[in-house]
Amino acid sequence: MLGSAKAKPVAVVEYDPAWPEYFEFLRKRIAGTIGDLATAIEHVGSTAVPNLAAKPIIDIDVLLKSDDMLPVAIERLAILGYVHRGDLGVPEREAFLAPARDLPHHLYICPPRSTEFRRHVAFRNFLRAHPEEAKIYGDLKIALAERFRDDRPAYVTAKSEFVNQLTSVAIRDSEERS
């Protein structure tokens with residue numbers, strides 16, 4: 001395709017103890033801009049799980065206080081350089097492109113009853129509480145990143161079954177504790 005950039009290769013690296021610090025830096029900046037609109041700003045995804053291999057990109061979920069706060073959040077985040085990208089096919093989760101030259105991260109804004117937010121937090125908490133499962137997941141991601149280095153959609157598809165199964169267990173575990 002003329003003029004299109006080649007997709008970046010899938011790179012899964014060993015856990016970096018600086019990831020929580022990167023999240024905290026980003027969280028403070030986001031909270032300073034939209035904190036009054038949110039009930040939670042959470043570090044989710046693999047970089048939020050100690051000792052888990054991951055793509056070196058911080059995932060952040062913001063849970064809004066009410067559904068009608070999204071337009072204000074979009075407006076305020078634009079001041080920081082975030083670009084609203086819509087839900088990208090995932091209901092109850094609005095994606096934002098991070099500012100240029102920023103720490104690599106994904107930002108998602110979720111409505112108060114977001115299933116995606118609950119899934120992300122349950123999955124993260126489960127992996128934190130079950131390091132043996134996190135190790136299996138990390139090993140799978142490393143193997144798949146090697147196999148599908150230049151095919152990100154195939155990488156995502158290949159790990160989806162494991163992620164979906166573990167997420168179901170994580171949600172059940174979370175509901176039993178509630």
**Fill in**
Per 10 angstrom bin, beginning at 0 and ending with the bin that holds the maximum distance, the Cα pairs of the range 16-65 fall in percents of 28, 50, 21, 2
**Prompt:** Rule-of-thumb check for the range 20-174: C-alpha Rg over 2.2 N^0.38 Å?
**Reply:** 1.04
**Item:** Helical mean residue ellipticity (222 nm; -39500 (n - 2.57) per DSSP H run of 4+; nearest 500) of the chain
**Value:** -16000 deg cm²/dmol
**Prompt:** Using the beta-carbon distance between His106 and Gln165 and R0 = 25 Å, what value does 1/(1 + (r/R0)^6) give for FRET efficiency, to the nearest 0.05?
**Reply:** 0.65
**Asked** Helix hunt in the chain: which complete DSSP H runs extend at least 15 Å axially by C-alpha with mean Kyte-Doolittle at least 0.0?
**Response** 70-80
**Prompt:** Where the centroid of each part is defined by its Cα atoms, how far is the range 104-177 from the range 37-83 in Å?
**Reply:** 16
**Complete:** FRET efficiency (Val156, Asp16; Cβ distance; R0 22 Å; to 0.05) is 0.55
**Request:** List the relative contact order of the chain as a percent without decimals, with contacts defined as Cα pairs under 8 Å and 6+ residues apart.
**Result:** 23
**Set of lysines with alpha-carbon distance to Lys159 below 20 Å, sequence-local pairs under 8 removed** = Lys8, Lys55, Lys135, Lys141
**Request:** Using only the Cα atoms of the range 124-167, build the gyration tensor, take square roots of its eigenvalues as a ≥ b ≥ c, and label the shape rounded, prolate or oblate: rounded if a/c is under 1.5, else prolate if a/b is larger than b/c, else oblate.
**Result:** prolate
**Asked** From the residues Phe23, Ala154, Tyr137, which one has its Cα farthest along the dipole of the chain in the positive direction, the dipole being from +1 and -1 charges on Cβ of Lys/Arg and Asp/Glu about the Cα centre?
**Response** Ala154
**Prompt:** If you take every DSSP beta bridge whose two residues both sit in the chain, what share of them, in percent to the nearest 5, is antiparallel?
**Reply:** 70
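Bear in mind these aren't lab numbers, they're just calculated from the coordinates by the rules spelled out. Please read these numbers as outputs of a predicted model, since none were measured by experiment. Cβ atoms come from the backbone with ideal geometry, glycine included; neighbour counts cover every protein chain shown.
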